[in-house]
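*Asks:* Below is one structure. I have some questions about it.
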Amino acid sequence: MSQTPTAALPEVVTVHTVTAVLASLASRLRQQGAGEATLDAAALRTFDSSAVALLLELRRDLDQQGCRLRLVNLPDKLQELVALYGVGELLPA
């Protein structure tokens, strides 16, 4: 049985850091192959709405590869932003 690949969000995801974070995470998650990739948000402390855009882009990227994105340890405030933007079905935690 193979272990679910895991990547982690950094402590900060804002409009100023999102491009670099996306490049880093997308590359890492693409290397994991098909199936399911887990993204751990436990370290995330400072973020804005660009974090939601980041999660949506990572999900789209993985969907194109036949891989499902599973989110764990999302901060309550990020879950609130996901709900506010109406994308909870696309980003289940």
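*Asks:* Starting from region 44-61, take each residue that is assigned to a loop (DSSP other than H, G, I, E, B) and surrounded by 19 or more Cβ atoms within 10 Å (Cβ to Cβ) and list its partners that are modelled with pLDDT of 95 or more and not small (G, A, S), counting only C-beta distances under 7 angstrom and pairs at least six apart or across chains.
*Replies:* L44/L9; L44/E11; L44/V13; L44/P75; L44/L78
*Asks:* For residues that are under 10 Å from L55 (Cβ atoms) and either in contact with a Lys or Arg (Cβ under 8 Å, 6 or more places away or on another chain) or in a helix (DSSP H, G or I) (or both), tally how many sit in region 67-80. Break it down into steps so the answer makes sense when it comes.
*Replies:* Filtering region 67-80 for residues under 10 Å from L55 (Cβ atoms) gives 69, 71, 74, 78.
In the following step, the residues that additionally are either in contact with a Lys or Arg (Cβ under 8 Å, 6 or more places away or on another chain) or in a helix (DSSP H, G or I) (or both) were identified as 69, 78.
So the answer is 2.
*Asks:* Then there is this: Counting only residues that are under 12 Å from L78 (Cα atoms) and small (G, A, S), which one in region 4-43 is surrounded by the fewest Cβ atoms within 10 Å (Cβ to Cβ)?
*Replies:* A42
*Asks:* Need the failing condition index for R70 against (1) free of Cβ contacts under 8 Å to residues at least 60 places away in the same chain; (2) closer than 15 Å to L9 by Cβ, just the number.
*Replies:* (1)
The values are calculated or read from the model by the stated rules, or taken from the named source; none is laboratory data. None of the values given here were measured: they were computed from a predicted structure. As a convention, Cβ positions derive from the backbone with ideal geometry for all residues, glycine included, and neighbour counts pool all protein chains shown.
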